[in-house]
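Novice: A single structure is presented below for examination.
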Amino acid sequence: MTGTRVLLLADTHVPTRARTLPEQCWAAVEEADLVVHAGDWVVPTLLDELDRRAARLIGVHGNNDGGELRRRLPEVARETVGGVRLAVVHETGDSRGRAARCDRLYGADADLLVFGHSHIPWDTTTPGGLRLLNPGSPTDRRRQPYCTYLTLRLEDGRVDDVRLHRLPPRTRVS
């Protein structure tokens, strides 16, 4: 496959929900050309480790991220990758009205908006043509049946091969 291989993460909550990312996520980090994290890291340790291990990293801070993460990461990140205008933010607000709100806030200069906060995987396209993706959480499924993350490919202005990955249930170590 050609194009930029992208791993989408959000709401990792390390170390409050897990000591680190699941091994399946670390393997995906190694395979990706770009890792995008949509906030709620909780402590800078994971940011540092992803920065070391990822070929390239784009991240934003979330509502659970303290001062150091807020100093190091923007609230909104924007880059063009593979001809796709990418925006990343942690929160997009309530699911009701999300499409219109995101079109208004991001649609003029983005083709793809990656967001987090809800821990709910999301893949829709707004009436204005903005693709909205939320990878869920690889460490805290909340009311979802699985912990999740997303992979995709960006090439020639297209978002292709979007795949939701379900993680196996974590086992408790005593």
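Novice: Pick from GLY93, GLY116: which is part of a loop (DSSP other than H, G, I, E, B) and in contact (Cβ under 8 Å) with a residue 12 or more places away in the chain?
Specialist: None of the other options fit; the residue is GLY116.
Novice: Which of the residues belonging to the range 142-174 are part of a strand (DSSP E or B) and of a type in the set (Asp, Glu)?
Specialist: Listed by number, the residues that qualify are GLU155, ASP160, ASP161.
Novice: I want to confirm something. Restricting to the range 89-121 and keeping residues that are within 27 Å of GLY66 (Cα to Cα), among the hydrophobic types (A, V, I, L, M, F, W, C) and more than 15 Å from the chain's Cα centre (by Cα), which single residue is surrounded by the most Cβ atoms within 10 Å (Cβ to Cβ)? Step through it out loud before you land on a result.
Specialist: As a first pass, look at the range 89-121 and keep what is within 27 Å of GLY66 (Cα to Cα): 89-95, 98, 101-102, 105-106, 112-121.
Filter again for among the hydrophobic types (A, V, I, L, M, F, W, C), leaving 89, 102, 105, 112-115, 120.
Checking the rest, the ones that are also more than 15 Å from the chain's Cα centre (by Cα) come to 102, 105.
Numbers: CYS102: 23, LEU105: 16.
For the range 89-121, the residue satisfying everything is CYS102.
Novice: For ALA87, are the conditions met, namely being under 17 Å from ALA110 (Cα atoms), touching a helix residue (DSSP H, G or I) at 6+ places or on another chain (Cβ under 8 Å), assigned to a strand (DSSP E or B) and touching a residue at least 12 places away in the same chain (Cβ under 8 Å)?
Specialist: Working: under 17 Å from ALA110 (Cα atoms): yes; touching a helix residue (DSSP H, G or I) at 6+ places or on another chain (Cβ under 8 Å): yes; assigned to a strand (DSSP E or B): yes; touching a residue at least 12 places away in the same chain (Cβ under 8 Å): yes.
Yes.
Novice: Scan the range 121-172 residue by residue and report those that are of a type outside the set (A, V, I, L, M), touching a residue at least 40 places away in the same chain (Cβ under 8 Å), in contact with a Lys or Arg (Cβ under 9 Å, 6 or more places away or on another chain) and farther than 22 Å from GLU23 by Cβ.
Specialist: ASP123, ARG153, GLY157, ASP160, ASP161
Novice: Another question, then. Read through the list (1) crowded, with 19+ Cβ neighbours inside 10 Å; (2) over 11 Å from the mean Cα position of the chain (by Cα); (3) of a type in the set (Gly, Ala, Ser); (4) not in a helix (DSSP H, G or I), then give the number of the only condition that ALA28 fails.
Specialist: (4)
Novice: With the requirement that a residue be more than 15 Å from the chain's Cα centre (by Cα), among the small types (Gly, Ala, Ser) and buried (at least 17 other Cβ atoms within 10 Å of the Cβ), what does the range 48-88 give you?
Specialist: Selection gives GLY82 alone.
Novice: Could you pull out the residue among GLY82, GLY59, GLY66 that is over 21 Å from GLY136 (Cβ atoms) and either touching a helix residue (DSSP H, G or I) at 6+ places or on another chain (Cβ under 7 Å) or in contact (Cβ under 8 Å) with a residue 60 or more places away in the chain (or both)? Explain how you work it out, then say what you get.
Specialist: Working: GLY59 fails: over 21 Å from GLY136 (Cβ atoms); GLY66 fails: either touching a helix residue (DSSP H, G or I) at 6+ places or on another chain (Cβ under 7 Å) or in contact (Cβ under 8 Å) with a residue 60 or more places away in the chain (or both).
Within the list GLY82, GLY59, GLY66, the selection yields GLY82.
Novice: Sticking with this structure for a sec: From the list ARG19, ARG72, ARG104, ARG53, exactly one residue is out of contact with any strand residue (DSSP E or B) (no Cβ under 8 Å at 6 or more places or on another chain), at negative phi and at pLDDT below 95. Which is it? Steps first, answer last, please.
Specialist: On the way: ARG72 fails: at pLDDT below 95; ARG104 fails: at pLDDT below 95; ARG53 fails: at pLDDT below 95.
Checking each option against the conditions leaves just ARG19.
Novice: Of the conditions (1) of a type in the set (Lys, Arg); (2) surrounded by 16 or more Cβ atoms within 10 Å (Cβ to Cβ); (3) touching a helix residue (DSSP H, G or I) at 6+ places or on another chain (Cβ under 8 Å), ARG17 clears all except one; give me its number.
Specialist: ARG17 satisfies every listed condition except (3).
Novice: Select from the range 125-141 the residues that are hydroxyl-bearing (Ser, Thr, Tyr) and assigned to a loop (DSSP other than H, G, I, E, B) and write down the one among them that is surrounded by the most Cβ atoms within 10 Å (Cβ to Cβ).
Specialist: Start the filter on the range 125-141 by keeping residues that are hydroxyl-bearing (Ser, Thr, Tyr), which leaves 125-126, 137, 139.
Imposing the further condition that a residue be assigned to a loop (DSSP other than H, G, I, E, B) reduces the set to 126, 137, 139.
Details: THR126: 18, SER137: 28, THR139: 25.
Looking at the filtered set, the residue picked out is SER137.
The values are calculated or read from the model by the stated rules, or taken from the named source; none is laboratory data. Predicted model only: the values in this text are computed from it and were never measured. Don't worry about glycine lacking a Cβ; one is built from the backbone with ideal geometry, like all the others, and counts go over all protein chains shown.
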